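*Asks:* Just dropping this structure here.
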2 protein chains.
Amino acid sequence: MIVIDPNSGVPVYRQLVEQVRFLIASGRLAGGDELPSTRTLSEQLGLNPMTVSKAYGLLEQDGVVQRRPGLPIIVAATTREAADGARLEQLRGLLGPAVTGTRQLGISTTRAVAEFRQLLADQTAEEEHDR
Amino acid sequence: MIVIDPNSGVPVYRQLVEQVRFLIASGRLAGGDELPSTRTLSEQLGLNPMTVSKAYGLLEQDGVVQRRPGLPIIVAATTREAADGARLEQLRGLLGPAVTGTRQLGISTTRAVAEFRQLLADQTAEEEHDR
DNA sequence: AAAGGTGTATTTGTCAAGTAATACACCGTA
DNA sequence: TACGGTGTATTACTTGACAAATACACCTTT
C-alpha cells in the first residue's frame, strides 16, 4: 500500500507524508481509520519507527491526523465545509508563484491555463498506470 | 537586479541560478549580454566568488550561458522557438507544486483550473488599476 | 612583460538534515 | 498487576550539501 524509494533523493519521512496525504485525499483512508502502527510500518519498509513517527507528527501539525497517547493514530474527521475553505486557501498559496511568473514571463492566460490542465492530466494518467 | 535571501532555506547558488534563468527567459537579459562578473556580483551580494561561479556553471550545463576562458560569461544565443520552450519550461516548474498539491488536497482538475484562471484574472485587474 | 581584469579547480571547514538506538510513558485487556 | 500493544522524547551518529579560502590559468591592454 505504501512504497518507499530510499534512493530517490526525497527524504523517506517526506515520502511517507506525501503518500499518506494522498491516500486520504483519494478516499482510500477515511476519517476515523487507523494508520498502520509505527512499528508495523517501519518493519515492513525496513525503517526505524522514529522515522515513521516523524512523518506522522507532520501530518498531525497539518491537522489531517489525530494523536492519542498510547493509542493508534487515526485519520481526523473532516467537516467538509470547514476543510474546503482551508484547502482552497492552500491551493491559492501554491498557485501564487505560478501566477506572478506567468505575467513576468509574458505568457497569456489561456496558454498558462492550458499548460496547468495538461500537467494535471499527465499526473492523473501516471496514477492510473500505477494500479 | 538580483536579490538573495540567505535565510530562505533555498541554497544561495540555487537562488542565483533561478533568478538568472528567469531574467533570460523573461527577456531582461538577451543573447550576447554579459553576466555580472563573479567578483562584482559576489561583492555586491556579500558572497564568495566561488558561489557565484558554481551557479554560472550550472547555467552553462543547461546551455543558457557560455563560458570562455579569461573572459566574461555571456548569455547564449537562442532561437525564438527555443526561447519559447524555455519560458514554458519555467512555467511548468512554477506549476509543479500546485499540481501535486491539487492531488494531495483532493481537489478536482476543473476546480483547480478555475481557481488558477481566477487568480490570473485578479492580477490582471490589479495591474489595470495601477495605471 | 606587467597589470588588472576575467573565471575556476581544489581544498577545507561547518553545519544541518536525516536516520537510527535507546529508553520511556501511555492504553486496553486478561 | 502483568502483558503486549500503541507512540515518542531524547540522544547520538553519519553524511552530504553548502559555502568560503586559497591559489592558479587565461585574456586584454598598456
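The values are calculated or read from the model by the stated rules, or taken from the named source; none is laboratory data. Predicted model, so just to flag it, every value in this text is computed and none were measured. Cβ sites come from the backbone with ideal geometry, for glycine too, and all protein chains shown count toward neighbours. Please note that ligands, DNA and RNA were not included when accessible areas were found on the heavy atoms of the full protein model with its side chains. Shrake-Rupley method; radii C 1.70, N 1.55, O 1.52, S 1.80 Å.
*Asks:* In the range B:34-67, how many residues are among the aliphatic types (A, V, I, L, M), more than 11 Å from DNA strand D (Cβ to nearest atom) and assigned to a helix (DSSP H, G or I)?
*Replies:* Of the residues in that region, 2 qualify.
*Asks:* Please verify whether A:Gly106 is under 14 Å from B:Gly96 (Cβ atoms) and touching a helix residue (DSSP H, G or I) at 6+ places or on another chain (Cβ under 8 Å), treating the condition exactly as stated.
*Replies:* So A:Gly106 does not fit the description; no.
*Asks:* Name the residues in the range A:72-93 that are open to solvent by less than 60 Å² (accessible area, probe 1.4 Å), within 7 Å of another protein chain (Cβ to nearest Cβ) and of a type outside the set (Lys, Arg), would you?
*Replies:* Correct list: A:Leu88, A:Leu91.
*Asks:* Any idea which residue in the range B:30-67 is nearest to the other protein chains (Cβ to nearest Cβ), counting only those that are more than 13 Å from DNA strand C (Cβ to nearest atom) and out of contact with any strand residue (DSSP E or B) (no Cβ under 8 Å at 6 or more places or on another chain)?
*Replies:* B:Asp62
*Asks:* Related question: Does B:Gly27 count as surrounded by 13 or more Cβ atoms within 10 Å (Cβ to Cβ), more than 12 Å from DNA strand C (Cβ to nearest atom) and either outside any loop (DSSP other than H, G, I, E, B) or not assigned by TED's automatic domain parsing to the domain that holds B:Gly93 (or both)?
*Replies:* Against the criterion (surrounded by 13 or more Cβ atoms within 10 Å (Cβ to Cβ), more than 12 Å from DNA strand C (Cβ to nearest atom) and either outside any loop (DSSP other than H, G, I, E, B) or not assigned by TED's automatic domain parsing to the domain that holds B:Gly93 (or both)), B:Gly27 does not qualify.
*Asks:* Kindly evaluate B:Glu128 against the criterion of being open to solvent by less than 50 Å² (accessible area, probe 1.4 Å), assigned to a helix (DSSP H, G or I) and not hydrophobic (A, V, I, L, M, F, W, C).
*Replies:* no
*Asks:* Identify, from the list A:Gly101, A:Gly70, the residue that is more than 20 Å from the chain's Cα centre (by Cα) and within 16 Å of DNA strand D (Cβ to nearest atom).
*Replies:* Among A:Gly101, A:Gly70, only A:Gly70 is more than 20 Å from the chain's Cα centre (by Cα) and within 16 Å of DNA strand D (Cβ to nearest atom).
*Asks:* Being assigned to a loop (DSSP other than H, G, I, E, B) and either among the aromatic types (Phe, Trp, Tyr) or more than 11 Å from DNA strand C (Cβ to nearest atom) (or both) is the filter here; which residues of the range B:68-77 pass it?
*Replies:* If the condition is that a residue be assigned to a loop (DSSP other than H, G, I, E, B) and either among the aromatic types (Phe, Trp, Tyr) or more than 11 Å from DNA strand C (Cβ to nearest atom) (or both), then B:Ala76, B:Ala77 are the ones that fit.
*Asks:* Could you say whether any residue in the range A:1-22 is in a strand (DSSP E or B), away from DNA strand C (no atom under 13 Å from the Cβ) and not hydrophobic (A, V, I, L, M, F, W, C)?
*Replies:* No: the range A:1-22 contains no residue that is in a strand (DSSP E or B), away from DNA strand C (no atom under 13 Å from the Cβ) and not hydrophobic (A, V, I, L, M, F, W, C).
*Asks:* Restricting attention to the range B:109-118, does a residue exist that is within 14 Å of another protein chain (Cβ to nearest Cβ), at negative phi, surrounded by 15 or more Cβ atoms within 10 Å (Cβ to Cβ) and part of a loop (DSSP other than H, G, I, E, B)?
*Replies:* No - not one qualifying residue is present in the range B:109-118.
*Asks:* Exactly one condition in (1) in contact with a helix residue (DSSP H, G or I) (Cβ under 6 Å, 6 or more places away or on another chain); (2) aromatic (Phe, Trp, Tyr); (3) at pLDDT 95 or above is false for A:Phe22; which is it?
*Replies:* Among (1) in contact with a helix residue (DSSP H, G or I) (Cβ under 6 Å, 6 or more places away or on another chain); (2) aromatic (Phe, Trp, Tyr); (3) at pLDDT 95 or above, A:Phe22 violates only (3).
*Asks:* Give me a count of the residues in the range A:1-21 that are among the hydroxyl-bearing types (Ser, Thr, Tyr) and surrounded by 13 or more Cβ atoms within 10 Å (Cβ to Cβ).
*Replies:* 1
*Asks:* Considering only residues of the range B:94-108 that are at the interface with chain A (Cβ under 7 Å from one of its Cβ atoms) and not aliphatic (A, V, I, L, M), which is most open to solvent (accessible area, probe 1.4 Å)?
*Replies:* Checked the range B:94-108; the qualifying residue most open to solvent (accessible area, probe 1.4 Å) is B:Pro97.
*Asks:* How many of the residues in the range B:31-56 are farther than 19 Å from B:Val3 by Cα and surrounded by 13 or more Cβ atoms within 10 Å (Cβ to Cβ)?
*Replies:* Residues in the range B:31-56 being farther than 19 Å from B:Val3 by Cα and surrounded by 13 or more Cβ atoms within 10 Å (Cβ to Cβ): 2 in total.
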